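The values are calculated or read from the model by the stated rules, or taken from the named source; none is laboratory data. It should be emphasised that the depicted structure is a prediction, and the values quoted were computed from it without experimental measurement. Backbone-built Cβ (ideal geometry, glycine too); neighbour counts: all protein chains shown.
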Amino acid sequence: MNFQRRESDGIAKLGILQCKESQIPIPTILYPATQDIIPPSFAEGIIYPSDYHDKHDDRFGLCVPSSLFSNNPTPCLNESGLDPFLLYQKDVSLALHNQSMDLRVQNNHDLRLIPAHTALIDSIDTEGKTLMTIIGSSAQLFREQSHFVDFIIRLRDAVGLDHILYLPLLASPSTLALLCYLGIDVFDASTASLVAHRDVMLLPTGAQPLFEMKEIPCQCPVCSRFSDPKDMGASDLLNHNNYALFNELKLVRTAIRSSCLRSLVEQRVRIHPHLASILRNLDINHQSFLETVTPVVHTRTLTTTTLEGLNRSEVKRFQDRIITRYQKPPYSKILLLLPCSATKPYSFSPSHKKINQALSQISNQGMIHEIIITSPLGLVPRELELIYPASAYDIPVTGLWYLDELHMIQTNLQHYLNQGQYDHIIIHLPQPLADALQSIASNTICTNIEHHPTSHQALETLVHTIEDINPGKPKISMQDQKKQIISAIASYQFGPQLAQILLKDTTIKGKYPYLRIMDNSQQQLGMTTLERGYISLTIDGAKRIASQDHYWVEIASDFTLKGSVFTPGIIDADPAIRSGDEVIIRQENSLKAVGVATMHAREMIDARAGEAVKTRHIIS
């Protein structure tokens, strides 16, 4: 048995699981197959008892042997399956758990079953050839949302990202997206049969008892034959439930390919408090793990329509770097807080073009530091408007603000102001946002109380206010303004120390947003583009920061570097690397190339195959 990863979205992954002559796409659902139950024709894989022998079924199959308590225990011989196992409740002594694991390990091959006890994770042999772990007592574990999330994330962290996790009994159209987002790869359709015999229909919006329904909210091949729900029997419901599961699985796979699984999860968890509590627990208690697997650059718009969007890893990372990495431009004396715009980047929007035109009347415009106030990101300095997700996000615009959003903005602004001081803070925002921020500091001035921020009256008031409080200050040159933009991006991207080394004794050429970093000998060190936002390094730029032991990927001494770097050639990587980061490729600690990471550091090391770095420049 082996697995090949094809794509990923956070912890969730797409790939092919190969076993002997059969293969199956991941994530997948295994449909029960017995002497009495025929799996649906569209089933990609089956789960069957050890006494089931259908010579005509060549689909991927997982054998489930009889329990040791059976009168005639039957193992799964020469098949992918578990050894005979014990069935018992989750909450038993740790000693009994350990005894059962010892019993299973005796003849273990490709698969293992682990009881749902967090303390057992440390005893797993992660160096062995086991490729799939099956989680025991899953239904009982799932009811305890905090323990469930903690167990799954700890297990995933221990076994690695390419390991296959199978969670029995829990798959339904409403839970599948969330469970895949948590890193589960394999499910079964047992629930479809269990609820069908209780006259319950599975839908993406939850389980629906048949007797409560006046019409059938589905047009699958089964439901399309009925007009009255009462006419459907248990076998009809089972067939519908099987279709519903498979349709949701395909929707989840599509979301992973499109890197929008999180958005689908936020839709699904709204239907049940238990699902919402699992997602919140994951966001709050395991944010560092989620951030590790979240790319820093993306081509897809980050869409947030619920308050859960405030806790997305992309959002939390952006907010954290504003506080810990980003540095206020040294020439800025006036902080100007502005509203966001629907068009991104903001400078390209009609509203911000009006604002910029008004500010251009001020002779010393370079003294003004513009920060856009928005949800869910909080603060977006103008210099970082090209950086994802500030460059590509979308939210509902109503003019109304939740208390959670206002609190987030207030907190982030307070933390930011603790890092650097301004002579004046001008709040040019609509109410109630302006009211919420007016007391954040003693030197605040509100310029827009009654009018829309981009109205003629509001902009006129803004210009007069700035001229009144800041007369006679020296004008900041265009070169210094460009340097401020590049310095801000470099600090956010690499951290202040590397940014200072990269930009020492440089000049900035080009027209925003296409800016080039040039050294004293007019060699280009890097540049920014509208499409990427970050600084893309040349070999000369990489040489400047190569000695700082950051953002490096070490390749094997016998690896011939001709193009992209694939995982078999990588022996180590800086743990700070995220997918989309600019990285330096080293061989025997010597700089060999520079490129963009297509995986995060751990994936580069753990993955058996795949492109890890897309190289841009190679030293010949």
Within the stretch 263-281, residues more than 21 Å from His407 (Cβ to Cβ) and within 13 Å of the chain's Cα centre (by Cα) come out as Ser263, Leu264, Val265
Residues of the stretch 391-424 being touching a Leu at 6+ places or on another chain (Cβ under 8 Å) and farther than 19 Å from Gln319 by Cβ, which ones?
Tyr422, His424
Any hit, the stretch 246-257, residues being outside any helix (DSSP H, G or I) and farther than 22 Å from Gln145 by Cα:
no
Name the residue that is farthest from Phe246 (Cα to Cα), counting only residues in the stretch 33-57 that are modelled with pLDDT of 80 or more and of a type in the set (Asp, Glu).
Asp36
Any idea which of (1) in contact (Cβ under 8 Å) with a residue 12 or more places away in the chain; (2) not in a helix (DSSP H, G or I) is the one Gln208 doesn't satisfy?
(1)
Picking from Leu537, Leu525, which residue would you name as being without any contact (Cβ under 8 Å) to a residue 24 or more places away in the chain, buried (at least 19 other Cβ atoms within 10 Å of the Cβ) and not assigned by TED's automatic domain parsing to the domain that holds Ala390?
Leu525
Residue count, the stretch 493-513, condition within 18 Å of Tyr326 (Cβ to Cβ) and among the polar types (S, T, N, Q), comes to 3
Can you say whether Asp283 is under 20 Å from Tyr492 (Cα atoms), out of contact with any strand residue (DSSP E or B) (no Cβ under 7 Å at 6 or more places or on another chain), without any contact (Cβ under 8 Å) to a residue 40 or more places away in the chain and of a type outside the set (Lys, Arg), as far as the supplied structure shows?
no
Counting only residues that are in contact with a strand residue (DSSP E or B) (Cβ under 6 Å, 6 or more places away or on another chain) and aromatic (Phe, Trp, Tyr), how many does the stretch 182-214 have?
1
Assuming Thr411 fulfils every condition listed in (1) under 21 Å from Leu359 (Cβ atoms); (2) among the β-branched types (Val, Ile, Thr); (3) surrounded by fewer than 18 Cβ atoms within 10 Å (Cβ to Cβ) apart from one, which condition is it?
(1)
Assess whether Leu337 counts as being outside any helix (DSSP H, G or I) and modelled with pLDDT of 95 or more.
yes
Inspect all residues belonging to the stretch 203-211 and state whether any of them is within 21 Å of Pro25 (Cβ to Cβ), crowded, with 17+ Cβ neighbours inside 10 Å and either assigned by TED's automatic domain parsing to the domain that holds Leu307 or under 28 Å from the mean Cα position of the chain (by Cα) (or both).
yes
Among the residues of the stretch 569-598, what is the count of those that are surrounded by fewer than 15 Cβ atoms within 10 Å (Cβ to Cβ) and under 18 Å from Ile618 (Cβ atoms)?
3
